[in-house]
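Worksheet: the structure to be examined is printed underneath.
Where a number appears in this text, it was derived from the coordinates with a stated rule and is not lab data. Please read all numbers here as calculations on a predicted model, not as lab measurements. Every residue, glycine as well, gets a Cβ built from its backbone with ideal geometry; the counts of neighbours run over all protein chains shown.
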Amino acid sequence: MNRSSLLTSVCLGLIVSVASGCAPAQERADASALSGEAPFASFDLVMRDLGGSVDARLAQGVDVPVPVDAGGGYTHEQHKQNAKTIYEAGLLYTYTGDAAYRDAVRDILLDYADLYPGLDLHPQQKEQTPGRLFWQSLNESVWLVYAIQGYAEIREDLAAEDRTHIERDLLNPMADFLSVGQPQTFDRIHNHGTWAAAAVGMTGYVLGQPERVEQALLGLDKSGDSGFLKQLDILFSPDGYYAEGPYYQRYALMPFVLFAQAIEKNEPERQIFDYRDGVILKAIRSTVEQSYAGKFFPINDAIREKGLNTVELKYGLAIAYDRTKAPDLLGAAELQNGVVPTPEGAQLLRDIEQGKSEPFAFSSTLLRDGSFGTEGGFAILRSGPAMNDAAVLMKATTQGLGHGHFDKLGFLYFDNGDEVVADYGAARFLNVEPKAGGRYLPENTSWAKQSIAHNVLVVDETSHFDGDWREGQKHAPTVIEFGSRDGMQVAFAEISTAYQDVHLQRLIAIMPGANGRDYIIDIMRGLGQGTQQAQRTFDLPVHFKGQLVETSFEMDHATDRLELFGDANGYQHLWQRSQSAPLTSTQSASWLLGDQFYTLTFASDQPVTAYFAELGANDPNHNLRREQALVLRARGTSTTYVSVYERHGRYDSDEEVTVFDGSSISDIAIMTDDEITSVTLTPADGEAVTFRLAASALTPAQLQILRQESQDTTIENPGEGSQ
């Protein structure tokens with residue numbers, strides 16, 4: 001029987017009254033390790049809740065099973081839970097002085113010290129480097145990050161023989177396994193390598209092993225070509241954007257901030273929070289910026305449910321506030337559900353209660369990508385500072401390594417607290433064992449990563465870079481313009497390498513309208529290059545949310561059968577539901593989302609066939625959500641699509657009141673003269689607006705958004721690089 005299964009003596013619920021009989025050490029009762037003063041009531045409640053959860057686990061007995069299952073299975077989930085129990089019981093021991101928590105941590109670790117030396121590689125090995133407790137060593141690194149913190153809370157109060165057993169048979173062998181035992185992961189510039197470096201480095205600090213710390217910081221050979229510092233150099237841009245996107249930025253944030261905190265406490269002379277102009281603190285702030293209505297922007301391999309409430313960002317904000325005392329970080333923390341049970345969490349909660357908080361003002365921002373900020377960027381335009389104000393995004397970033405999707409110059413639109421034009425995210429049921437053991441599903445490759453799954457221009461029904469992420473990683477868009485002109489916010493970017501002989505350009509903008517509504521403007525271009533330009537098919541999908549209300553054009557519906565939209569590159573997963581005849585004038589489609597109507601008004605310089613498609617074809621295991629798209633298709637050597645989105649009216653089901661206005665754009669005109677394309681938007685009310693764009697991609701300076709002195713209102717571009 002496991003030692004930990006015999007634990008029944010924890011003083012249940014003992015958090016506030018630390019002077020009761022269960023607490024053996026009165027000197028711990030003032031919780032000086034947490035705040036430097038007597039505990040205050042609200043944080044006591046945080047710790048009371050934590051204690052109730054941990055006490056319940058300990059009362060049931062803590063099983064330490066032989067590893068059997070893949071992600072989502074019993075042994076996998078039990079070992080994950082045990083790491084949290086070790087960590088949280090250690091925190092409770094420091095906070096309460098209750099020796100039962102110390103003994104719980106000790107006995108669980110002793111059980112692992114008995115188990116670990118006899119383990120071979122996990123029987124359910126994932127495609128990545130396998131672990132011993134888990135099917136991949138990533139989970140083992142995460143386990144050690146938690147466990148070493150819990151052990152640090154009790155180490156000085158253990159008997160020498162217990163310390164020796166735990167360190168000799170568990171902590172040191174695990175740190176060796178994750179470092180010298182798996183150099184291909186430990187020295188990797190990737191979130192797996194980050195977790196491994198943090199686990200080994202934090203273990204080195206706790207056990208007094210400077211050699212481990214140096215290897216964690218500089219790589220196994222201590223050359224600096226890998227390791228934690230190199231990861232900070234490579235994986236983050238100068239603006240704190242993480243190469244794999246916000247979902248993985250959130251995940252990687254935990255080892256970065258926890259290891260940085262350990263470095264600061266043990267070696268403050270390294271000034272780790274000042275490294276690269278404070279890139280860790282910038283990363284924490286930029287993670288908040290990359291969210292809407294509390295959820296992270298779901299680009300790349302993202303689980304769409306993740307958001308600001310995630311534990312990694314809770315730790316990040318608490319640590320960042322401890323370093324900076326920035327009152328708007330308190331405002332960001334108020335968007336989360338509670339604080340972490342640490343000294344930094346206590347301080348954060350106290351200052352919120354003392355009224356020091358200011359709202360976190362979400363802003364229009366360009367988060368440059370690449371180590372030097374020269375490889376494109378993530379452009380975020382917002383109509384206001386509130387978390388539910390309209391936001392329009394253009395993903396003009398690097399590929400995002402193996403977690404990247406083929407969506408160069410991708411477009412997303414959020415408004416009124418909803419996704420209006422959305423990204424699918426990842427095809428994965430995380431840790432749901434019946435769904436491929438929680439792995440990424442086959443449809444993640446066949447659908448979610450493919451270009452047609454995104455709101456990007458698709459040429460000849462093939463994905464960007466022909467679906468090769470390693471090729472995509474070599475190329476990044478150029479962000480030519482990002483800024484504000486006459487109250488209009490604009491971002492413009494281009495790339496010439498996603499397709500051979502096709503140059504892609506995209507401009508997005510938020511333009512206030514005369515009628516009080518914002519216009520969301522999207523100009524997407526595919527420009528043929530080379531001496532012999534071929535006729536190509538240009539598809540622009542719009543993955544919209546809501547219920548279709550009306551279209552200005554007639555649709556031919558398939559009534560007796562469903563047909564596939566295509567046979568490869570993601571098209572095989574779409575059913576073609578209806579199509580229009582070729583359209584040669586300005587058209588519109590409207591849908592209802594929540595209590596608001598949205599209208600897309602669009603035009604092209606080529607005849608356009610509009611298709612409505614539904615996701616779900618070639619999906620025998622029902623892994624894909626049933627979603628919809630409007631796909632605009634044109635043929636030519638080059639194509640320009642102009643789209644204008646607007647929210648209008650209201651739908652009140654309680655009062656049975658409906659106000660539907662439809663499009664307020666009377667015309668979209670596209671003209672090309674001397675390789676300059678002019679796009680003129682004419683609202684029913686207000687002045688026309690003209691955008692002028694160079695048709696050539698020779699230099700970024702050829703972009704021209706010129707102000708006309710006549711009746712039109714336009715935006716001027718003073719030149720390259722207004723960032």
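Here are the numbers for the structure shown:
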{"read-out": "Translational diffusion of segment 55-110, µm² s⁻¹ [Kirkwood Rh, Cα pairs; Stokes-Einstein; 4 °C; 1.567 mPa s]", "value": "110"}
{"read-out": "Cross-link pairs beyond the 25 Å C-alpha cut-off, checked among Lys222/Lys306; Lys282/Lys356; Lys265/Lys314; Lys395/Lys435; Lys126/Lys306; Lys230/Lys474", "value": "Lys222/Lys306; Lys395/Lys435"}
{"read-out": "Under the Karplus curve 6.51 cos²θ - 1.76 cosθ + 1.60, θ = phi - 60°, whole-Hz ³J(HN,Hα) for segment 297-308, x wherever Gly or Pro sits", "value": "4, x, 8, 6, 6, 10, 7, 5, 7, 6, x, 4"}
{"read-out": "For segment 453-460, Karplus couplings with θ = phi - 60° (6.51, -1.76, 1.60), whole Hz, Gly/Pro x", "value": "6, 10, 8, 10, 6, 10, 9, 6"}
{"read-out": "Placed amide H near Gly72: partners under 5 Å, 5+ positions off or other chain", "value": "Glu77"}
{"read-out": "Ranked Val608, Val420, criterion: other C-beta atoms within 10 Å, fewest first", "value": "Val608, Val420"}
{"read-out": "The chain - mean residue ellipticity at 222 nm from DSSP helices (-39,500 (n - 2.57) per run, n ≥ 4, rounded to 500)", "value": "-9000 deg cm²/dmol"}
{"read-out": "Cα-only Debye scattering, segment 172-237: base-10 log of I(q)/I(0) at q = 0.19 Å⁻¹", "value": "-0.57"}
{"read-out": "Trypsin sites (Lys or Arg not before Pro) restricted to DSSP loop in segment 250-355 with at most 15 other C-beta within 10 Å", "value": "Lys325"}
{"read-out": "Nearest-ten-degree value, helix 343-353 long axis tilted from longest Cα axis of the chain", "value": "60"}
{"read-out": "log₁₀ of I(q)/I(0) at q = 0.09, 0.15 Å⁻¹ - segment 365-702, Debye sum with one point per alpha carbon", "value": "-0.46, -1.39"}
{"read-out": "Segment 254-268 - phi-based ³J(HN,Hα) in whole Hz, Karplus 6.51/-1.76/1.60, Gly and Pro as x", "value": "4, x, 4, 6, 5, 5, 4, 4, 5, 4, 4, 6, 8, 9, x"}
{"read-out": "Mean Cβ neighbour count within 10 Å, used as a protection proxy, ranking 146-153, 48-55, 636-643 highest first", "value": "146-153, 636-643, 48-55"}
{"read-out": "Kirkwood estimate for segment 3-272, i.e. one over the average of 1/r between Cα atoms, Å", "value": "19.2"}
{"read-out": "The chain: translational diffusion in µm²/s, Stokes-Einstein, Kirkwood Rh over Cα pairs, 37 °C, 0.692 mPa s", "value": "119"}
